[in-house]
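FYI, it's all coordinate maths here, none of it is from the lab. Predicted, not measured: the structure shown is a model, and the values here were computed from it. Cβ placement follows ideal geometry from the backbone for every residue including glycine, while neighbour counts extend to all protein chains displayed.
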Amino acid sequence: MDFETIKQSVLAFIEAHRAWAPLVTGVIAFCESLAFLSLLVPATFILLGIGALIGSSDLPFWPMVIGAGIGAGLGDWVSYEAGHYFKNDVRRFWPMRRYPEMTDRAEDFLRRWGAGAVAIGRFIGPARAVVPLVAGSFGVNRLPFQIANWSSAFVWAFVMLAPGAGLLAWLKH
């Protein structure tokens, strides 16, 4: 199954089962934020499509943002805890072992910005799922990590969903 088919299937499911839409949006954001899984799920395109679906239908915006924010925050939290548990062994996992420079760049980014790298990295595609994993293995303290994680998760969710929701609503009027 290709990415376009997956995207269309998810959007059709959300349109048919509106009550599940915030939960489905949260699961998609979780997949987008979870280390390694984010490489396999075309979540960015699906989330942008959900934003457009919000704008073209009567799906409520804020429950979708909250669902996506919770999913993104949980995905980064799990990635952080995996990094914290495995420490330097993270470098032996795929794709880290195949692209060691990716891990080196994430560590440099964390050295420079500290926990703020988590918030900044959420808005940079390839870094989104790698930075929390490396933050855990690198030893970023939990509290600063979680503050950066949860605050940026909800801002990111808004940024992902608002353009489609707002632009289509604006074009309708």
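What you get for the chain, charging only the Cβ of Lys and Arg (+1) and of Asp and Glu (-1), is a dipole of about 320 debye around the Cα centre.
Here L39 and A19 are evaluated by their C-beta separation; at R0 = 45 Å the FRET efficiency comes out at 0.90. Taking a point 7 Å from the Cα of R92 along the Cα-to-Cβ direction, the residues of region 129-147 with backbone N closer than 17 Å to it are 137-138. Projecting each Cα onto the charge dipole of region 19-112 (Lys/Arg +1, Asp/Glu -1 at the beta carbon, about the Cα centre), which of W94, L59, G75 comes out farthest on the positive side? Positive-most Cα among the choices belongs to W94. At R0 = 22 Å, how high is the FRET efficiency between F154 and D2 if r is their beta carbon distance? Nearest 0.05 is fine. The calculated FRET efficiency here is 0.10. Give the calculated FRET efficiency between S57 and W113 to the nearest 0.05, with a Förster radius of 45 Å applied to their Cβ-Cβ distance. Efficiency for this residue pair is about 0.70. Helix 3-16 and the longest principal axis of the Cα set of the chain meet at an angle near 50°.
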